[in-house]
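Everything below concerns the one structure shown next.
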Amino acid sequence: MRSAGAEVVGHAAARRPHERAPGTVHRVRAHERRRASVVEVGVRRAAGPPVVAGRDGRLLALTLLWLFALSGCVGEASEAAAGDAAPTASATSPAQSVAIRLWAEGQPAFGIFVPSERPRGERGPGGERLPALYTADGGTELGRNDLLDYLFLNLEGSYDAEAISAISSGLGREGTPERKTLLVRIPPISTDGPEAARARVVEALKRGADGVVLPHVRSAEEAALAVSFFTDAGANVWSPANPTGTTIAMIMIEDPGALAEARAIADTPGYSVLACGIGSLTGALGGDREAGEAGNQEVLVHTKRVGVPDIITANRDDVARRIDEGFLGLLMRGSEADDAIRLGRAAAGR
């Protein structure tokens, strides 16, 4: 994908809220019936044989003791029945980041490209252009913005592991609200080869990223390779097959050839988010915006079909429309980002 300033990350996919695991309701009801049966039997037993008036007072005392002991057994049996009940399936886990929790509920999440803190136009001693600058203080400032659900750190053009550590540590500082989800985009597999991409996925996760974005995925085989990087990292990837996962594995379709493989790429198991890089795709199509948008919508259809979110860049003019279309990740940039997010939240009922 190209620079953050020119990119539109088409990621959307309406994830359907997770339901209870098959059979859970029946198991719970069965336990409830067994528990009711235990209580009913206990009550019948507690009633016991009638005490004959006039018998020795010891008989009455023994009967009362028997009833007391039995009531304790009934309580224990009831608690055991409740304790044995199968746990209900949960769509989320306490360890999951805010973006995952929102997507699991079918809610849009709003994020921003992490802005470089280097002054615009600053050059090196020899007049060379300097790389983007990211600091922990910058991460803390973004972490205090209650409008944001996630941050998108774009390292595609220039991978910088220290930037990941800086933003992650800033997000975790004391006094910041709930930690934002941190997504890190690394260079494509085709740039430096599979082993470099694999090492970057592992490193990014170790340095605090909640998810890693693989751009320019061009085939189902490459999508499967991208997923394998997360396996090698020991990541618990959130996906339709693993709703309690905690790591986001995101792949992007940005090339005309990859668009032809969109169905097969979407059907790859084990990833979290699929998106169309509409800016790069439009450029590869000779600047044809209509064709680029058609490709973006095609990817959106597949994300809905397989049940994963789709993220797309948006602004105040189109954020409501993108939400209505079904995009679950809205990615903003620049000084108007907060205004666009407010409009998006209103459109989403958040």
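The values are calculated or read from the model by the stated rules, or taken from the named source; none is laboratory data. All values derive from a computational prediction rather than experimental measurement. Using ideal geometry, Cβ is built from the backbone for each residue, glycine included, and neighbour counts are taken over all protein chains shown.
Annotations for the structure displayed:
- ALA275 vs. criteria free of Cβ contacts under 8 Å to residues at least 24 places away in the same chain and hydrophobic (A, V, I, L, M, F, W, C): no
- Candidates GLY127, GLY170, filtered to the one that is in a helix (DSSP H, G or I) and either farther than 22 Å from THR231 by Cα or outside the structural domain of GLN96 (by TED's automatic domain parsing) (or both): GLY170
- Which listed residue is assigned to a strand (DSSP E or B) and under 23 Å from GLU336 (Cβ atoms), from LEU147, LEU133, LEU153: LEU153
- ARG289 fulfils the conditions (1) crowded, with 18+ Cβ neighbours inside 10 Å; (2) without any contact (Cβ under 8 Å) to a residue 12 or more places away in the chain; (3) among the basic types (Lys, Arg) except for a single criterion, (1).
- For GLU156, the requirement of being touching a strand residue (DSSP E or B) at 6+ places or on another chain (Cβ under 9 Å), surrounded by 15 or more Cβ atoms within 10 Å (Cβ to Cβ) and closer than 21 Å to ASP267 by Cβ is not met.
- Members of segment 239-276 found to be surrounded by fewer than 18 Cβ atoms within 10 Å (Cβ to Cβ) and outside any strand (DSSP E or B), listed by number: PRO240, ALA241, THR244, PRO256, GLY257, ALA260, ARG263, ALA264, ASP267, PRO269
- Subset of segment 170-186 that is surrounded by fewer than 16 Cβ atoms within 10 Å (Cβ to Cβ) and of a type outside the set (D, E, K, R) - its residue that is farthest from GLY111 (Cα to Cα): GLY175
- In segment 207-224, residue nearest to GLU162 (Cα to Cα) [restricted to those that are in a helix (DSSP H, G or I) and out of contact with any strand residue (DSSP E or B) (no Cβ under 9 Å at 6 or more places or on another chain)]: ALA224
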